[in-house]
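Structure first, commentary second.
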Amino acid sequence: MAALSHPLLRRALCFGSGTGIELGARDMRAVVVRVRPAGVSLIAETVIESIRERPAADWGGELQKFLAAHEALPLAAIALLPREEVLLRLVSLPGLSDEDTAAAVRLQADTLHPWGDDEGFAIDFQRFAGSPFCAVALARQETIDTYTAMFTEAGVKLAGFSLLANVVYQASRIYSAKPALPRLALSGYAAGLDGGVEVYGESEAKPLFSAKFDTAADRAIALSAAEMRIDLPEEVPDIFHLLPVTGTAPDQADLSDQARSMRAPAYAAALAAAALHFGEPLNLLPAELRRGTSKALYVPTLALCVILAVALIAMAFEGRILERRHVDRLKAEITRLEPVAKRLDAADRETAEMASRIQLVDSFRKRSQADLDALKEVNRLLPPPAFVQQLVIDGGTVSVAGEADQAEGLLKKFDESPLFHETEFTMPLNRGQSGESFRLRTRREAGR
């Protein structure tokens, strides 16, 4: 399966569980992990001692009991062959198709190992994406047959035989397909294990490097850096620093650096087994003997993924759907109430028009009464023999023209009236035949 390179998509597809088994010179370490988008959970681990001296059925029963106790029997299990029993070669085959690459690797297979022509061998290879290099794993067929018979007798079915370097390569890419290069690490360094130094590395010149040295760590690092065409690093970590960090673990699990260093090979194999959908590691177990993970195990996970996807889609469109429904309800309510609103608007207009008419009629009525009051007051203020020749009454003033015996006192009389104020003559007084002619204007009191 082609590797998915986008980190978010890759993390979203991180669902699986697997078992990793490290075959040591004397003991066997088994680790069970669960991989999820939130991180890696260490389910359980155990060390089965003296597998080389004990019958396979004996330690096999112990291993089966451990796997059954943690519901790991149906899971894919990858066993790591000892480094000295497997070869890793890099072959450059630029410009070849996958089919031609397979033929070219098999054609060169006899030149990739030091064994005699009469010895059979197991071989598997992988091509690095975007690179002309192929990683080729080889082991004596006799070795593969021996381990196959041992696990068959033990009653434990495996998904494959692989090597540490390749499972670290796969496991370190579970959450990110493109780690920063170059990388150089030591196996068992933090645990202080004896028996040689195994170096793991990646660089542009060597996409996958693995070697075991019977020398000091500093010397092994220098030789490996030179082989990988990289500068000598200031510090080289243990390989567990390249692997996804354990998020959760049993209470009794030891998470110290020394314990993680000792656990790292089996832990990496378990991660690779749990993420076979991202790509299988190099596998020297015959294809007909390989056991994958039961597809039924993925049914609950797939069902939950579908439910989660539907829920996320529903949440994404929930706002729009609710808004659209709200708008539709508002439109329906507006349509229902529109005739009523029109009738109310018409009634309001009729009421306003009627009020305006009433106010107009009332104002005319009040004005007629006020005008009559003003006329009576003018008659009172101008008793005979005075008389009025012209009288003009408008909204705010009253203009009077006429004759009187003593016209000068009219201003005072009009201003003392409760209906008038600010009285003034609009022309000089003239003496006529019957008296003084006058023309005056006075203001009416507000509301009069």
Hey, how many Å between the Cα centroid of segment 402-448 and the Cα centroid of segment 76-110? 131 Å
Calculated [θ] (222 nm, deg cm²/dmol) that DSSP helices of n ≥ 4 give over the chain, each run adding -39,500 (n - 2.57): -13500 deg cm²/dmol
Which whole-number percentage describes the relative contact order of the chain, with Cα contacts under 8 Å and a sequence gap of 6 or more? 17 percent
Of E198, E22, how do they rank once you tally other Cβ atoms within 10 Å and put the fewest first? E198, E22
Convert each backbone phi in segment 48-54 into a coupling constant with the Karplus relation 6.51 cos²θ - 1.76 cosθ + 1.60 (shift: θ = phi - 60°), then list the ³J(HN,Hα) values in order as whole Hz, x for Gly and Pro. 9, 8, 6, 6, 7, 9, 8
So how do C14, C305, C134 line up by other beta-carbon neighbours within 10 Å, fewest first? C305, C14, C134
If you restrict to DSSP beta bridges whose two residues both lie in the chain, what percentage is antiparallel, to the nearest 5? 85 percent
For segment 44-123, what D do you get in µm² per second when you plug the Kirkwood radius from alpha-carbon pairs into Stokes-Einstein at 25 °C and 0.890 mPa s? 147 µm²/s
Give the lysines reachable from K65 as a straight Cα distance under 29 Å; neighbours fewer than 8 places away on the same chain don't count. K157, K295
Once segment 327-448 is represented by equal point scatterers at the alpha-carbon sites, with solvent omitted, what log10 I(q)/I(0) does the Debye formula produce at q = 0.12, 0.17, 0.20, 0.23 Å⁻¹? -0.57, -0.86, -1.04, -1.24
Rule-of-thumb Rg ratio for segment 377-444 [Cα; 2.2 N^0.38 Å; N residues]: 1.00
Geometric extent, Cα atoms of the chain - Rg, Dmax (angstrom): 52.9, 167
Please list 3J(HN,Hα) in residue order for segment 25-30, calculated via the Karplus relation 6.51 cos²θ - 1.76 cosθ + 1.60 where θ = phi - 60°; whole Hz, with x for glycine and proline. 5, 10, 10, 10, 10, 10
Under-5 Å amide H pairs with I123, H placed in peptide plane, nonlocal only: none
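We did not get these values from a lab; they are worked out from the coordinates using the rules stated. Since the model is a prediction, treat every value here as computed from it, not as a measurement. Cβ atoms come from the backbone with ideal geometry, glycine included; neighbour counts cover every protein chain shown.
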